[in-house]
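Student: Attaching a single structure in structure tokens format; questions to follow.
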Amino acid sequence: MSLYAEKGDFQSAIARGKEALDNHPDNIELHLIMGGLYLNTREYEKAIKEHKKVIALDPKNLVAHLYLGIIFAEKKKLDKAEETFKKMLKIDPDNIMGIYYYGKVLEKMKRFEEAEKMFKKAMSLNPYFEMALFDLTALYEKQEKIDKAIEIYRKYLAVDPGRINLRLRTGELLIKKKKYEEAEKE
């Protein structure tokens, strides 16, 4: 299966996976692999079915919860995505990826304060978690909270001053605030 997937022949990989599942219908790893293959081929309903099967076999399987939540969010089934991430975070309250993607779902639902809390929580678990950093600052910018976005960038730059992309973004935000001298320094 994996050889076919590595070559990009997902249909052959899926065919081999189905054969393997016929012989091992309760094999969690096979269901996870099949869910991933279906996700790669954008067969979302089949991917959902595979990840739900994993959760039925192993209710605490974080990988299945994560991917199921991501698929629901991708399909704009935000209530189902939220429900899935809540279940996941009951199992592991400090799962950084679950927290992050739950924050993204909350943002899509326009529940900005809750999304902010999730992004901040993810960053408290890993201050260098760039996806959360960028989404938090984008959330602030969307809400016209430019000073907060600048503050986040500056905290990050205090630790890693060589990040040119963050310096440029900080400078752009400072220009928006008409703080030209500070922008020039960046």
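Student: What accessible surface, in Å², does a 1.4 Å probe find on Tyr100, ignoring ligands, DNA and RNA and rounding to the nearest 10?
Tutor: Solvent-accessible area, nearest 10 Å²: 10 Å².
Student: How far is helix 28-40 tilted, in degrees, relative to the longest principal axis of the Cα atoms in the chain, given as a value from 0 to 90 rounded to the nearest 10?
Tutor: Between helix and principal axis, roughly 60 degrees.
Student: Between region 95-148 and region 7-22, how many Å separate their Cα centres?
Tutor: For region 95-148 versus region 7-22, the Cα centre distance is 37 Å.
Student: Based on the Cβ-Cβ distance from Arg154 to Arg111, what FRET efficiency comes out when R0 is 35 Å, to the nearest 0.05?
Tutor: After rounding, the FRET efficiency stands at 0.85.
Student: A further question follows. Of the accessible area of the chain, with the probe set at 1.4 angstrom, what percent is carbon plus sulfur?
Tutor: The computed percentage sits at 53.
Student: Tell me whether region 109-165 comes out rounded, prolate or oblate; compute the Cα gyration tensor, take square roots of the eigenvalues as a ≥ b ≥ c, and use a/c under 1.5 as the rounded threshold.
Tutor: Judged from the Cα gyration tensor, region 109-165 comes out oblate (a/c at least 1.5, b/c at or above a/b).
Student: Just to be sure I understand, if you calculate Cα Rg over 2.2 N^0.38 Å for this structure, which of (i) 1.38; (ii) 1.21; (iii) 1.27 do you get?
Tutor: It is the value labelled (iii).
Student: Next up: With every protein chain kept in place and ligands, DNA and RNA left out, what is the accessible area per residue of the chain? Probe 1.4 Å, answer in Å².
Tutor: 58
Student: For region 75-129, take every pair of Cα atoms, bin their distances at 5 Å starting from 0, and report each bin as a whole percent.
Tutor: 5, 24, 31, 25, 13, 3
Student: Give me the angle, in degrees from 0 to 90, between the Cα long axis of helix 96-108 and the longest principal axis of the Cα atoms of the chain, rounded to the nearest 10.
Tutor: That works out to roughly 70 degrees.
Student: Quick one: length gained pulling Lys46 to Glu172 fully straight, 0.36 nm per residue minus the C-alpha distance?
Tutor: Once the chain is fully extended between Lys46 and Glu172, it gains 41.0 nm.
The values are calculated or read from the model by the stated rules, or taken from the named source; none is laboratory data. All figures in this text were calculated on a predicted structure; none of them were measured in a lab. Counting neighbours? That spans all protein chains shown, and the Cβs are built from the backbone with ideal geometry, glycine included. Heads up: the accessible areas ignore ligands, DNA and RNA and are worked out on the full protein's heavy atoms, side chains in. Shrake-Rupley method; radii C 1.70, N 1.55, O 1.52, S 1.80 Å.
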